[in-house]
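Read through the structure below, which is laid out as structure tokens, and then see the notes.
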Amino acid sequence: MPKPSCVTAQTQDLFQYLAQKLMMEGVMGTVQPIRTSCMNRCNAGPVMLVEPGHTMYAGLTKEKIDRIVAEHILGGNVVSEYVINPELWDEPISPAEMKKQMGR
């Protein structure tokens, strides 16, 4: 059975919207949006991961992207009400720690 997808007709243009927003703000040279494959957060998607900081935003809309760009990317303040539930996202781990967890 296929997984649900957070990419729908209503959300498929969000990546392009984010890229255009960053260009309009004049920060595309220092902030680089990267399209990824599935991040396995289907029920919370679409999602965006902001690094550094390892902050994942969930349930993206154009309005949320506007606020995230203005307040977090440009202003340096996490938009906490859009951050994914901590039960669905954890602190990053190193490759060495991943190997240890896998018993290697």
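The values are calculated or read from the model by the stated rules, or taken from the named source; none is laboratory data. Bear in mind that the values here come from a model prediction, so they are computed numbers and not experimental data. Glycine gets a Cβ as well: all are built from the backbone with ideal geometry, and neighbour counts include every protein chain shown.
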The one condition in (1) in contact with a Pro (Cβ under 9 Å, 6 or more places away or on another chain); (2) under 15 Å from Cys6 (Cβ atoms); (3) at pLDDT below 90 that Leu60 fails to fulfil
(3)
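Of the residues Ile93, Ile34, which single one is part of a loop (DSSP other than H, G, I, E, B) and loosely packed, with under 10 Cβ neighbours inside 10 Å? I'd like the intermediate steps shown before the answer.
Working: Ile93 fails: loosely packed, with under 10 Cβ neighbours inside 10 Å.
Answer to the selection: Ile34.
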Report every pair of residues separated by at least 6 positions or lying on different chains whose Cβ atoms are under 9 Å apart, first residue within the range 59-74 and on the phi > 0 side of the Ramachandran plot, second modelled with pLDDT of 95 or more.
Gly59/Tyr82
For Met24, only one of the following conditions fails: (1) surrounded by 11 or more Cβ atoms within 10 Å (Cβ to Cβ); (2) in a helix (DSSP H, G or I). What is its number?
(1)
Scanning the range 77-90 for residues that are without any contact (Cβ under 8 Å) to a residue 40 or more places away in the chain and surrounded by 12 or more Cβ atoms within 10 Å (Cβ to Cβ), which turns out farthest from Asn43 (Cα to Cα)?
Val78
Which of the residues spanning the range 37-76 are under 14 Å from Lys21 (Cα atoms), surrounded by fewer than 18 Cβ atoms within 10 Å (Cβ to Cβ) and not β-branched (Val, Ile, Thr)?
Lys62, Glu63, Asp66, Arg67, Ala70, Glu71, Leu74
